[in-house]
Amino acid sequence: MKYVFNGRFLSQRLTGVQRYASEILSRLDEICAGEDYEIAVPYGVSDVPQYKNIKVIRLKGAKGVLWEQTAFACYVKKHNAVSVNLCNSAPLTGRKVVTIHDIKIKVHPEFFSLAFRLWYNFLFKNLIKKSLAIITVSEFSKDEIVKYYGCPADKIHVINSAWQHYLSIPYSQDKLAEFGLKSHEYIFALGSLEPNKNLNWVFNVARNNPGEIFAVGGGINNAVFAQTFSSVPENVRLLGYLSDEEAKSLMRYSKAFVFPSFYEGFGLPPMEAMVAGAQNIIVSDIPVMHEIFGDTVFYIDAERFDYVIEDIIRSSSGAKTRDNLLASYGWDISAGKLYALLNGLGG
């Protein structure tokens with residue numbers, strides 16, 4: 001069976017979803033010799049990996065979602081192929097395998113603009129019904145898809161995110177000076193400023209801890225996310241979009257890394273913080289965080305703001321060793337699972 005991977009993610013800014021696609025495909029390329037695998041990318045995208053076994057096809061046409069629904073969909077149909085989509089979106093027509101990282105659009109519609117949630121609710125219903133298989137990144141997300149969309153559990157395959165990409169990213173204490181920060185004298189939070197990331201927790205806890213500095217990395221898309229944020233306290237510094245090197249450096253030299261999200265499909269940043277060498281990792285007390293991180297992190301109530309940061313840090317020092325946890329996740333492992341899934345469909 002011929003598989004064509006949806007390469008639209010290569011035209012997008014790198015966040016966790018695009019990272020997932022990029023890393024799994026690079027590992028899959030190492031093991032798929034002899035398979036009929038292609039990746040179709042929008043014409044004009046310059047930063048395309050040099051795959052050994054996956055053939056790159058460049059398709060002219062519209063941009064963004066329209067490219068996906070027209071040029072990409074037509075190419076897949078013309079070649080009687082199956083599209084493999086790793087980033088929450090896929091053509092409405094044709095045979096396909098789709099990855100849905102989370103369904104916060106369904107669980108927390110209040111976080112999104114009306115147009116965005118109408119489109120994605122329609123899209124997800126179609127994809128879940130018509131896909132040959134659904135991939136997601138955690139058992140929690142699998143259960144959510146079953147619960148909210150009535151998808152048969154045996155149609156959903158859990159293929160986790162992982163962390164090995166962070167090993168090759170350099171870090172430097174010199175990066176702190178660019179943001180006016182000092183080693184181990186700030187609390188760091190990373191994530192696009194989406195409502196589900198709950199950065200209001202950071203703002204409110206910062207107000208209750210005026211002697212601490214809070215640094216926040218990430219950007220916001222006001223066209224998509226409907227919720228507005230509260231005013232920013234004086235001891236919070238919004239750093240904007242960060243490069244990988246900047247993010248890793250800020251994680252490593254932070255007093256604590258915090259991730260107070262209301263809702264996640266997996267939650268990659270705390271795992272990246274582990275690899276970066278963050279001493280204290282603090283996450284929200286939600287089911288998926290327990291599934292992924294167990295007793296290696298400290299949990300906070302995402303709706304409680306009266307924490308004393310020094311007390312949290314003292315408590316978080318009792319977290320268990322992280323080596324066994326990290327050994328359970330790997331991009332090679334995930335690529336192997338995807339390869340087995342596609343071979344099974346082909347059979």
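Place a point 7 Å from the Cα of V232 along the Cα-to-Cβ direction; which residues of the range 238-267 have their backbone N under 12 Å from it? What the label zone holds, given the 12 Å backbone N cut-off, is 238-241. Specify the angular offset, from 0 to 90 degrees and rounded to the nearest 10, of the alpha carbon long axis of helix 199-208 from the longest principal axis of the alpha carbons in the chain. Here the helix axis deviates by roughly 0 degrees. Computed from the C-beta positions of E245 and N208 and an R0 of 35 Å, the FRET efficiency is 0.65 to the nearest 0.05. Helix content alone sets the calculated 222 nm mean residue ellipticity of the chain: runs of n ≥ 4 DSSP H residues at -39500 (n - 2.57) each, divided across all residues, give -10500 deg cm²/dmol. Total lysine pairs in the range 88-192 at Cα distances under 15 Å, for residues eight or more apart or on different chains: 19. For the range 1-55, trypsin sites (Lys or Arg not before Pro) meeting the loop criterion (DSSP other than H, G, I, E, B) and having at most 12 other Cβ atoms within 10 Å: R13, K52.
Helix 331-346 and the longest principal axis of the C-alpha atoms of the chain enclose an angle of approximately 30°.
At full extension, E303 and L326 could sit 5.4 nm farther apart than now, given 0.36 nm per residue minus the alpha carbon distance. Please compute the net charge surrounding F140, taking Lys and Arg as +1 and Asp and Glu as -1 over other residues with Cβ under 13 Å from its Cβ. Counting the neighbours of F140, the net charge comes to -3.
Report the charge-dipole magnitude of the chain in Debye, nearest 20, computed about the Cα centre from +1 at each Lys and Arg Cβ and -1 at each Asp and Glu Cβ. Could you put the intermediate results ahead of the total?
Values: 36 positive and 35 negative charges, 314 e Å.
Computed about the Cα centre, the dipole is about 1500 debye.
Computed on the range 142-301, the Cα convex hull volume stands at 129 Å³ per residue. Counting charges near A335 (Lys, Arg +1; Asp, Glu -1) among other residues having Cβ under 13 Å from its Cβ returns a value of -3. Computed about its Cα centre, the charge dipole of the range 170-327 is approximately 180 debye, with only Lys, Arg, Asp and Glu carrying charge at their Cβ.
Once you have the Cα-Cα distance between V158 and N126, take 0.36 nm times their residue separation minus that, and quote the gain in nm to one decimal. Don't skip to the end; give the middle numbers.
Numbers: separation 32, 0.36 × 32 = 11.52 nm, distance 1.98 nm.
Full extension of this stretch gives 9.5 nm more.
Computed over neighbours whose Cβ is under 13 Å from that of Y43, the net charge equals +4, Lys and Arg +1, Asp and Glu -1.
Rule-based calculations on the coordinates, nothing more; no lab input. None of these values were measured; they are calculated from a predicted model. Counting neighbours? That spans all protein chains shown, and the Cβs are built from the backbone with ideal geometry, glycine included.
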